[in-house]
Amino acid sequence: MPRYKTLDQLDVSGKTVLVRADLNVPMKDGKVSDATRIDRFAPTAVELAKKGAKVVVLSHFGRPKGRDASQSLAPLLGDLSKACGMPVAFGEDCIGDAAAKAISGLKAGGIALLENLRFHAAEEKNDPAFAKALAALGDVYVNDAFSCAHRAHASTEGIAHLLPAYAGRLMQAELDALGKALENPQRPLAAVVGGSKVSTKLELIGNLLNRVDILAIGGGMANTFLFAKGIDVGRSLCERDMAETARRILADADAAGKHIVLPVDAVVAGALTDGASAHVVPIGRVPADQMILDIGPLSVAETLKIFDHAKTLVWNGPVGAFEFPPFDKGTVELAKGVAARSQAGKLLSVAGGGDTVAALIHAGVEAQFGYVSSAGGAFLEWLEGKELPGVAALA
């Protein structure tokens, strides 16, 4: 990863600091339904305010086509104020006179939130003029939105070349955790990759096989690998046209001395519905009219036994259809096993991706992992080995 400057190298007293956050939070009936991203961002804003800065928060929200009142950031003010422990002012726009007015009204140590960046099409186009208009509002730029770092937008990439640029505390935590997981891990290094399709995670698997020692594959992806090995998977989700690719991956892993872990038993049913009649069968004995919807208890036990030899673990994707009990048991039990090893200091565990975070919350172990990334697409692209523009721009 590129070197970057943090708040430890920044004297903000008397300065106006533009902070890129990701406040694209879920809403229900006009209110924030999950304030996790707000709560995780707040420490950066509070630290800067306590050090005497005027703190100006920039964020996108949704995918508006121009100015759209239903996509305004104004409804977030209460939750952001609560998280920061002080009133947060609001700017009716993110550039121009309205933004300048909101900032001029701030005292040192005050915080303002500016309106949705995406009300301007120039934001996503990384328009130089728009980046310049943003930069004109402040003295220093802080990026605290790792979850947006895979996008080369004006507020994540363009502005970082126009002002002294630093990583916020959440960005720093993400980069530190991810660096320990893949850039310089304690070995053996293991990974769990789940999800439905091999075709959507080819780059991820390829990059991980170059880095990890153990790769456990679950979810619908595992069915494709099992089919590639000549195992009948019944009516399970399976990309049969990817069988040759799967065989090549298995051969490459074997040649490189990498251990790929596939299920040895499975939970099967005739339909994917809540409370469906399900039973466990050994892999290789899946009935022709049934679907594999979760890994079985023996698969969980054997995978955790293998993980006993690992020092670091990266997790992306559930290993079963966890949204539909009883097909959540494999993911839940595997997550609990990893969490227990993490809490015992035996394993550094880093997880990320929207479905993954939801699965860990469902299992009740999110707080017991070493680090759970709040990023979705950025986390996945980092796992794939891609350069993240918003991070590169901080170098």
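Return yes when Ala271 is over 19 Å from Arg235 (Cβ atoms), of a type in the set (A, V, I, L, M, F, W, C) and in the same structural domain as Ala222 (by TED's automatic domain parsing) and no when it is not.
No: the conditions fail for Ala271.
Residues to consider are Phe90, Phe130; find the one that is of a type in the set (Phe, Trp, Tyr) and out of contact with any Leu (no Cβ under 8 Å at 6 or more places or on another chain). Can you show your working first?
Details: Phe90 fails: out of contact with any Leu (no Cβ under 8 Å at 6 or more places or on another chain).
Going through Phe90, Phe130 in turn, the sole match is Phe130.
Filter the range 1-41 down to the residues that are among the basic types (Lys, Arg), in contact (Cβ under 8 Å) with a residue 24 or more places away in the chain and either buried (at least 16 other Cβ atoms within 10 Å of the Cβ) or over 19 Å from Ala135 (Cβ atoms) (or both) and list them by number.
Within the range 1-41, Arg3, Lys15, Arg20, Lys31, Arg37, Arg40 qualify.
Looking only at the range 189-237, count every residue that is part of a helix (DSSP H, G or I) and not β-branched (Val, Ile, Thr) and tell me the total.
Number satisfying all stated conditions: 20.
Check the range 72-85 and report whether any residue there is in contact with an Asp or Glu (Cβ under 8 Å, 6 or more places away or on another chain) and surrounded by fewer than 17 Cβ atoms within 10 Å (Cβ to Cβ).
yes
Which of the numbered conditions does Val212 fail, given that it passes all the others? Conditions: (1) in contact with an Asp or Glu (Cβ under 8 Å, 6 or more places away or on another chain); (2) in the same structural domain as Arg285 (by TED's automatic domain parsing); (3) in contact (Cβ under 8 Å) with a residue 40 or more places away in the chain.
The single condition Val212 does not satisfy is (1).
Give me the pairs: first residue in the range 120-132 and in the same structural domain as Leu163 (by TED's automatic domain parsing), second residue outside any helix (DSSP H, G or I) and of a type in the set (Lys, Arg), beta-carbon distance under 8 Å, and six or more apart or on different chains, which are they?
Within 8 Å, the pairs are Glu124/Arg151.
Might you check whether a residue that is in contact (Cβ under 8 Å) with a residue 60 or more places away in the chain, under 16 Å from Gly220 (Cβ atoms) and in a strand (DSSP E or B) occurs anywhere in the range 282-294?
Scanning the range 282-294, I find at least one residue that is in contact (Cβ under 8 Å) with a residue 60 or more places away in the chain, under 16 Å from Gly220 (Cβ atoms) and in a strand (DSSP E or B), so the answer is yes.
Looking at (1) among the β-branched types (Val, Ile, Thr); (2) part of a helix (DSSP H, G or I); (3) within 27 Å of Leu178 (Cβ to Cβ), which is the only condition Val17 fails?
Result: Val17 fails condition (2) only.
Residue check: is Gln186 among the polar types (S, T, N, Q) and outside any helix (DSSP H, G or I)?
yes
From Ala152, Ala167, Ala136, which residue is outside the structural domain of Glu333 (by TED's automatic domain parsing), within 23 Å of Leu348 (Cβ to Cβ) and at pLDDT 95 or above?
Ala167 is the lone residue from the list that is outside the structural domain of Glu333 (by TED's automatic domain parsing), within 23 Å of Leu348 (Cβ to Cβ) and at pLDDT 95 or above.
Go through Gly96, Gly52, Gly91 for me and flag whichever is within 17 Å of Ser155 (Cβ to Cβ), modelled with pLDDT of 95 or more and surrounded by fewer than 17 Cβ atoms within 10 Å (Cβ to Cβ). Walk me through it before giving the result.
Details: Gly52 fails: within 17 Å of Ser155 (Cβ to Cβ); Gly91 fails: surrounded by fewer than 17 Cβ atoms within 10 Å (Cβ to Cβ).
Just one listed residue meets the conditions, Gly96.
Looking only at the range 140-160, how many residues end up being of a type outside the set (Lys, Arg) and over 17 Å from Val17 (Cβ atoms)?
10
Any residue in the range 257-276 that's more than 30 Å from Arg211 (Cβ to Cβ): show its pairings with residues that are of a type in the set (Phe, Trp, Tyr) and not in a strand (DSSP E or B) at Cβ separation under 7 Å, as long as the two are six or more apart or on different chains.
Val267/Phe327; Leu272/Phe324; Thr273/Phe324; Asp274/Phe324
For the range 125-150, give me each residue that is farther than 28 Å from Gly179 by Cβ and charged (D, E, K, R).
The answer is Lys125, Asp127, Lys132, Asp139.
The values are calculated or read from the model by the stated rules, or taken from the named source; none is laboratory data. This structure is a prediction, so every number in the text was calculated from the model and none was measured. Glycine gets a Cβ as well: all are built from the backbone with ideal geometry, and neighbour counts include every protein chain shown.
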